[in-house]
Amino acid sequence: MDYGTLGHALILGKGSEIAVGDFDDWRKNEAKSFREAARNSGLTPVLRETFDRAKEMSGEALEQIVAFGYGDAFRAADKEVSVLWKDDGYWMRSKLDAINRGGMVDIFDLKITARAAPSIIEKQIGAMNYDLQDAFYRHGVAAVMPEMVGRIRFTFFFIESSFPFSVVPVELPAEFQALGEMKFQRALRIWRRCIVADLWPGYVQEKFRPEPKPWDMQRESDAAG
């Protein structure tokens, strides 16, 4: 998480303040004290090796973002922008990594990940609710800039955390945008219902009885010989 935070800060040129520790790891008392003091001061502590790798990643990522044709829009974008609006009478808030307000509104979001292969990204979008994020951010921007409705683009930059720090730009197609909108409307209904009833249920209302999956049984059968 600290590496992702660091990567965001270096690529955006804005965000968390960093405290770089010249230690091999965090195990020694001096290193632990440094890390604790940094966090108590609101800083993100990182090891020198981690900082150097993240700096290399940020440079490579920015070069690739330019090569994909997003350079001018991304460089000119405002970074770390908070958006507050009301939806159906309820306050909403989002924090955009970057937004460029020109003839089109371009929203950019960084995803630093271990693997940025398109086949993996495709699976992550629904599982990690990135389609919901797309819908939520669009709603916020449309609410505060109604004149730009229909001219809002959202681009994810998936960036691999290790060399060669491959970047994959992703703009969700209409089908994923529609799915994200469905998720957002369902979340809004649940939120409204909880607010009105002042009831905030958890996952279950009674004890959960898990059942072994076929692969659990097969794995034990294989291990038993």
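Bear in mind that the values in this text are calculations on the coordinates, not laboratory data. Note that the coordinates shown come from a computational prediction; the quantities given were computed from them, not determined experimentally. All Cβ positions, glycine included, derive from the backbone under ideal geometry; neighbour counts span all protein chains shown.
Would you please report the Å³ per residue occupied by the convex hull of the alpha carbon atoms in the chain?
Residue-normalised Cα hull volume stands at 219 Å³.
Kyte-Doolittle cut-off 0.0, length cut-off 20 Å along the helix's own axis using Cα: show which whole DSSP H helices in the chain pass.
Correct list, ordered by number: 174-197.
With point charges of +1 on the Cβ of Lys and Arg and -1 on the Cβ of Asp and Glu, referenced to the Cα centre of the chain, which listed residue (GLN124, ALA31, PHE163) lies farthest in the positive direction of the dipole?
GLN124
Can I get the semi-axes of region 1-67's equivalent ellipsoid? Compute them from the C-alpha gyration tensor as square roots of 5 times the eigenvalues, in angstrom, largest first.
25, 13, 6
What fraction of the Cα pairs in region 1-121, stated in percent, has a spacing above 25 angstrom?
38
Would you please name the chymotrypsin sites (Phe, Trp or Tyr not before Pro) within region 139-216 that are DSSP coil residues with at most 12 other C-beta atoms within 10 Å of their C-beta?
TYR203, PHE208
Taking the Cα centre of region 71-198 as origin and charging only Cβ (+1 Lys, Arg; -1 Asp, Glu), how large is the dipole, in debye to the nearest 20?
Here region 71-198 has a charge dipole of around 300 debye.
Below 24 Å, Cα to Cα, which lysines can LYS14 reach? Residues fewer than 8 away in the same chain don't count.
LYS55, LYS79, LYS95, LYS111
Need one number: % antiparallel among DSSP beta bridges in the chain, to the nearest 5.
55
In the calculated pair distance distribution of region 183-225, what percentage of Cα-Cα distances lie above 13 Å?
The share of Cα pairs beyond 13 Å in region 183-225 comes to 71 percent.
If the only charges are +1 at each Lys and Arg Cβ and -1 at each Asp and Glu Cβ, what is the size of the charge dipole of the chain around the Cα centre, to the nearest 20 debye?
Dipole magnitude for the chain comes out near 660 debye.
Computed over the Cα atoms, what is the radius of gyration of region 91-225 divided by 2.2 N^0.38 Å, N being its residue count?
1.41
Looking only at region 71-198, where both bridge partners belong to it, what percent of the DSSP beta bridges are antiparallel (to the nearest 5)?
65
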